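Below is one structure; the comments refer to it alone.
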Amino acid sequence: MCRVLFGVGEGKRIRALLKAFIDASENDPYKEARGKGRAHADGWGYVLLRKGSVDHYRSEKPVFEDEEGVGKLETSLDGFVVLLAHSRAASQGTKGIFNAQPFAFSTRRGFSFWLYHNGDLNKDEIIKLAEFSEDDLKHTSDSYVFGAYLCRKLESVSKEDLLKYYSEIKRTTKTSFNTGALFLTPDSITGFVTAYSKPEYLLRRENWEYVRQIVLSEENLFAVASSTLELYHRANWRNAVNGTAFYIEIDLEGEKFSVQELILG
């Protein structure tokens, strides 16, 4: 599994969250408590959206060893921004640049999106739902197959459609379905974040500590992140309720956003 961060608001304030994300990727006590080692070292990436530009970066290096990649991102966190960041600890799919996240997809319905996922899904079941070929996707991660499913099935970026198709994939969850996405149309920018783990998986305390998502909501800042970030950035974090989705409407020109909490079906 992985460490993730979705943030929108003042870039200078998101820098502190990025540092916590890097530290959490290098030294994760919650991961170690599960007997899985301390680091998330199988590649990382980010999407940074600013007024008039978008940067998408992926590397097979661990984030805590990628000085050049991190340095470029840090210097770009200025003004009003949207950031998706993902640090991988591989569970499904080959290691390497292809399966580093966030992934990018463009759809036939006139919108594009970037996506990350933390957890394990039933990859074979998603392939069946999307009517894909198993041979085509045998080396890809479950997260990539989920994104490809959305690319084929998602009809719009409305709350109703996002809830419909995300809820369908939620049913394939083996451990957790913690996701972050940024949807771009010719006239809108929408963030969508989910926080879900199978209830039976959470019966073990170590699993709950590791997979829960935490939320930070302040003036001009909203973030959802993996639990470990709370150890490296002290703030008024709260635990996301299991099964929650966040629908974020973003206005880059006006430098503002609105957040609605929804329930996955």
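Here are the numbers:
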quantity	calculated
25 °C / 0.890 mPa s Stokes-Einstein diffusion coefficient of the stretch 62-166, Kirkwood radius on C-alpha pairs, µm²/s	159 µm²/s
Sites matching trypsin sites (Lys or Arg not before Pro) across the stretch 161-265 that sit in DSSP coil, with at most 15 neighbouring C-beta atoms within 10 Å	171, 204, 234
Set 19/174; 153/198; 31/170; 61/256; 31/61 screened for pairs whose C-alpha atoms are more than 28 Å apart	19/174; 61/256
The stretch 169-231 - convex hull of alpha carbons, volume per residue in Å³	97 Å³
Descending semi-axes in whole angstrom, ellipsoid equivalent of the stretch 3-263, from the Cα gyration tensor	24, 23, 18
Loop-exposed GluC sites (Glu not before Pro) per DSSP, neighbour cap 14 Cβ within 10 angstrom, longest uninterrupted part of the chain	1-130
Average Cα contact separation per residue, the chain, under 8 Å, 6 or more apart, as relative contact order %	21 percent
Solvent-accessible area per residue, Å², over the chain with all protein chains present [probe radius 1.4 Å]	42 Å²
Loop-located trypsin sites (Lys or Arg not before Pro) in the stretch 1-67, at most 11 other Cβ atoms within 10 Å (DSSP)	51
Cα-based Kirkwood hydrodynamic radius, the stretch 1-69, one decimal, Å	13.1 Å
Surface share of carbon and sulfur [accessible, 1.4 angstrom probe, percent] for the stretch 3-263	45 percent
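The values are calculated or read from the model by the stated rules, or taken from the named source; none is laboratory data. Note that the structure is a prediction, hence the values are computed from the model and not measured. Cβ coordinates were reconstructed from backbone atoms using ideal geometry, including for glycine residues, and neighbour counts include every protein chain displayed. These accessible areas exclude ligands, DNA and RNA; they are computed on the full protein's heavy atoms, side chains included. Shrake-Rupley method; radii C 1.70, N 1.55, O 1.52, S 1.80 Å.
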